[in-house]
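Enquirer: Structure in structure tokens, see below.
The values are calculated or read from the model by the stated rules, or taken from the named source; none is laboratory data. What you are looking at is a predicted structure, and each value in this text was computed from that prediction instead of being measured. Heads up, the Cβs are rebuilt from the backbone with ideal geometry, glycines too, and the neighbour counts pull from every protein chain shown.
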Amino acid sequence: MGKGILTILLLVISNSFMTLAWYGHLKFHTDKLLPKWGLLGIIVLSWLIAFFEYCFQVPANRIGFKNFGGPFSLVQLKVIQEVVTLLIFVVFSAVFFRSESFRMNHLIAFVFLVLAVYFIFKN
């Protein structure tokens, strides 16, 4: 597997954990135990989940960064990461927050982000 593909795969895994840590707690209210934890308990739980984000994010950046033999510049890595974050968020929202809807302006914004990826790789 090439370093570029591996980097993107690790970013997908990392961002899955990140999205769960950042937004998953908004669905935790359906659990019988977690509402009793309070905000501090939810913060600690989110940090525990975020630990796994870093376990994939840091290797993704090191493997993908051109100074470590990877194919991407720092700016390219960041833009890829942002697009992956958006993709994971859209899937997460569609699965766990079905009451949230996506409108045309959301689609247009997403297209602009994809265009950002195009332009960041253009010489």
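Enquirer: If the requirement is being modelled with pLDDT under 90 and surrounded by 15 or more Cβ atoms within 10 Å (Cβ to Cβ), which of these qualifies: 40, 10, 45? Outline the logic, then answer.
Expert: Numbers: 40 fails: surrounded by 15 or more Cβ atoms within 10 Å (Cβ to Cβ); 10 fails: modelled with pLDDT under 90.
Of 40, 10, 45, the one residue that is modelled with pLDDT under 90 and surrounded by 15 or more Cβ atoms within 10 Å (Cβ to Cβ) is 45.
Enquirer: Looking at this structure, is residue 94 under 16 Å from residue 11 (Cβ atoms), part of a helix (DSSP H, G or I) and either aromatic (Phe, Trp, Tyr) or in contact with an Asp or Glu (Cβ under 9 Å, 6 or more places away or on another chain) (or both)?
Expert: In short, no.
Enquirer: Tell me the residue from 116, 21 that is at pLDDT 85 or above and touching a helix residue (DSSP H, G or I) at 6+ places or on another chain (Cβ under 8 Å), please.
Expert: Values: 116 fails: at pLDDT 85 or above.
So the residue among 116, 21 that is at pLDDT 85 or above and touching a helix residue (DSSP H, G or I) at 6+ places or on another chain (Cβ under 8 Å) is 21.
Enquirer: Additional query: Test residue 50 against the criterion of being part of a helix (DSSP H, G or I), out of contact with any Pro (no Cβ under 6 Å at 6 or more places or on another chain), modelled with pLDDT of 85 or more and closer than 18 Å to residue 5 by Cα, and give yes or no.
Expert: On the way: part of a helix (DSSP H, G or I): yes; out of contact with any Pro (no Cβ under 6 Å at 6 or more places or on another chain): yes; modelled with pLDDT of 85 or more: yes; closer than 18 Å to residue 5 by Cα: no.
No: the conditions fail for residue 50.
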